[in-house]
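The values are calculated or read from the model by the stated rules, or taken from the named source; none is laboratory data. These figures come from a predicted structure and were not determined experimentally. Reconstructed Cβ throughout: ideal geometry from the backbone, glycine too, with neighbour counts over all protein chains shown. Surface areas here come from the heavy atoms of the whole protein model, side chains and all, with no ligands, DNA or RNA. Shrake-Rupley method; radii C 1.70, N 1.55, O 1.52, S 1.80 Å.
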Amino acid sequence: TAGNKILHFGACRVSMSMTEIRAGFTAIKANIQARDPIRTLSILSSPRSLHKVKSSDRCCITHHLLNFYMDKVFKHCKTEDSYVNRKISSIANSFLSMRRKLGQCHEQNQCMCGQESTEKFKEILANYEGMNVTSAAMKSLGELDILLDWME
Amino acid sequence: SGELYCSLLNPRHVRFESINMKNVLHWSAPEGTGNGVLYKVKYSVYGVGKWIRKPECRNINRTWCDLSSETSDYEEQYYASVKAFLNGMVSDWVETTRFNPLTDTKIEPPMLSISSTERSITIILTAPEKWKRSPEEESISLLQVYPGLHYNVSVLNKKTKKRWFFSISNHTLVVPWLEPGTAYCVSAQIRVTTPLLDSGFSKEHCIATLKDK
């Protein structure tokens, strides 16, 4: 569909509806980020930016992060604003289909996990678990553009 | 002994205005204040602990501060903040929303160079460059920043008022099968699909095809 983008992860090629996800996030970005008062910590970028991860580990990190957002972020981001909630569930649905597609690559052993991606994902989990669940989930959602910028 | 500060109303509309990643902080003076208000500015990298003062924007009376140099790494995101002073009165620090240079910049239209033969027009498009600190610094085209960048080109036959639209990703377009001795006007726009960023259309460039020999 329009705005789908083929992302290449080594031998793995996955079509992702980036434009749709971006448009959904842009619509709620200011609202979500305003709910995150902590400037001194980033779930995805502290202490090292995602951009520092080796390209060979990109597939594995992406696989981990799609699971992370599905299992630990979207479900904890209910707000009092139904418009925002609808946008969040639309983004979650797009992530669900991306996770399914990337999962197929993972099953076909085309999505190898090196030490670097394992360590980076541990950092992300540690950042997340260092906060209460709702704050950590809201901060992670507010960092969706960091993830999308890196994925692309 | 501590100095006693009365409170001053806050600066308003504190925000980044960014064009081709030239990132300038702008704000409006506190309501009801005329001249004489001074400001200071600080900024921080999101996810990093400390606020950093901008010396060149300390005790200034203008309502903008160029933070392009401090925010030039577009893999990072930023906050900036402004405080106002007037006759011993002080405002609070007022912050921007989180600024992402990659998605929050505006892109200027492409530059056009056109030439013609009897029956065709050749259009060469150049994407703007990312802001740089000095002319000596290496230029980075926005094409390198946004790999998915492409161009929408409009070509108008001035006589028949017929218009064509082309969408191309390389930077040269040859429009064939045109009428000799006719004026055509060309305008172009930059389009980035993700993140979604569109420039406006450029000014029209008009040229006539050569007359038939």
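Output the residues of the range A:36-57 meeting this criterion: accessible area (heavy atoms, 1.4 Å probe) in the chain alone minus accessible area with all protein chains in place is 40 Å² or greater.
A:R39, A:T40, A:H51
Highest GNM mean-square fluctuation, chain A, Cα pairs closer than 10 Å: which of A:M16, A:M138, A:M112?
Of A:M16, A:M138, A:M112, the most mobile in the Gaussian network model is A:M112.
Give me the base-10 log of I(q)/I(0) for the range B:97-213 at each q in 0.11, 0.20 Å⁻¹, Debye formula, one uniform scatterer per Cα, rounded to two decimals.
-0.43, -1.03
Summarise the accessible area of the range B:1-102 (1.4 Å probe, protein heavy atoms) by the percent that is carbon and sulfur.
49 percent
Lone cysteines in chain B, defined as no other cysteine's Cβ under 4.7 Å from theirs: which are they?
Result for chain B is B:C6, no neighbouring Cys Cβ within the cutoff.
Need the full-extension length gain, B:E179 to B:S139, defined as separation in residues times 0.36 nm minus the C-alpha distance. One decimal, nm.
Additional length available on full extension: 10.5 nm.
Taking only the alpha-carbon positions of the protein assembly as shown and ignoring solvent, what does the Debye formula give for the base-10 log of I(q)/I(0) at q = 0.09, 0.15 Å⁻¹?
Debye output, listed in q order: -0.66, -1.28.
Can you pull the one-decimal nm distance between simple spin-label points at A:M70 and B:I19, each 7 Å off the Cα toward Cβ?
The modelled label-to-label distance comes out at 4.5 nm.
Compute the normalised compactness of chain A: alpha-carbon radius of gyration over 2.2 N^0.38 Å, N being the residue count.
1.00
With 11 Å as the cut-off, how large is the P(r) tail for the range A:1-43, expressed as percent of Cα-Cα pairs?
72 percent
Using a probe radius of 1.4 Å on heavy atoms only, what accessible surface per residue do you get for the range B:82-145? Whole Å² is fine.
The answer is 49 Å² per residue.
Can you show me the helix-derived [θ] at 222 nm for chain B, built from DSSP H runs with n ≥ 4 at -39,500 (n - 2.57) apiece and divided by the number of residues, rounded to the nearest 500.
-500 deg cm²/dmol, from helical runs alone.
If each residue of separation counts as 0.36 nm, what is the full-extension length gain between B:S28 and B:K162 once their alpha-carbon separation is subtracted?
43.7 nm
Less than 17 Å apart at the alpha-carbon level, and either on another chain or at least 8 residues along: which aspartates and glutamates does that give for B:K162?
Excluding near neighbours in sequence, the set is B:E179, B:E204.
Residues of the range A:107-147 losing 20 Å² or more of accessible surface, assembly versus chain alone, probe 1.4 Å, please list them.
Residues losing area: A:D145, A:I146.
What FRET efficiency comes out for the pair B:V90/B:K50, r = Cβ-Cβ distance, R0 = 35 Å, nearest 0.05?
With R0 = 35 Å, the Cβ-Cβ based efficiency is 0.95.
Near A:K54, which aspartates and glutamates are there with a Cα under 13 Å away, not counting those fewer than 8 places off in the same chain?
A:E116, A:E119
Quick one: Kirkwood hydrodynamic radius for the range B:156-205, alpha-carbon pairs, angstrom, one decimal?
12.7 Å
At 1.4 Å probe size, with every protein chain present, just tell me what the per residue accessible area of chain A comes to in Å².
That works out to 45 Å² for each residue.
Enter the mean projected area of the convex hull around the alpha-carbon atoms of the range B:11-50, in nm², rounded to one decimal.
4.0 nm²
What Kirkwood Rh does the range B:1-116 have if only Cα atoms enter the pairwise 1/r average? Answer in Å.
Computed over Cα pairs of the range B:1-116, the Kirkwood hydrodynamic radius comes out at 15.4 Å.
With a 1.4 Å probe, what is the total accessible area buried between chains B and A, in Å² rounded to the nearest 100?
Interface area, both chains combined: 1600 Å², rounded to the nearest 100.
Take the Cα atoms of chain B, find their three principal axes, and give me the spread along each one in whole Å, biggest first.
Principal extents (Cα only, largest first): 91, 36, 30 Å.
Using every pair of alpha-carbon atoms in the range A:48-87, split the distances into 5 Å bins beginning at 0 and state the percent of pairs per bin, rounded to integers.
Using 5 Å bins, I get a P(r) of 6, 20, 19, 16, 15, 11, 10, 4, 0 for the range A:48-87.
In whole percent, and with a 1.4 Å probe on the protein chains, what portion of the accessible area of chain A is carbon and sulfur?
It is 53 percent, rounded to a whole number.
Helix by helix, which DSSP H runs in chain A go 20 Å or more along their axis at the Cα atoms and have an average Kyte-Doolittle hydropathy of -0.5 or more?
Helices passing the filter in chain A: A:18-34.
For the range A:58-129, what number results from the quotient of the Cα radius of gyration and 2.2 N^0.38 Å?
Relative to the 2.2 N^0.38 Å estimate, the range A:58-129 comes out at 1.24.
I'd like the distance between the alpha-carbon centres of the range A:66-86 and the range B:42-85, rounded to an integer number of Å.
31 Å
Return the residues of the range B:178-213 for which accessible area with all protein chains present is lower than in the chain on its own by 10 Å² or more; set the probe to 1.4 Å and exclude ligands, DNA and RNA.
B:T193, B:T194, B:P195, B:L196
The range A:11-96: percent of C-alpha pairs farther apart than 18 Å?
Looking at the range A:11-96, the distances longer than 18 Å represent 54 percent of pairs.
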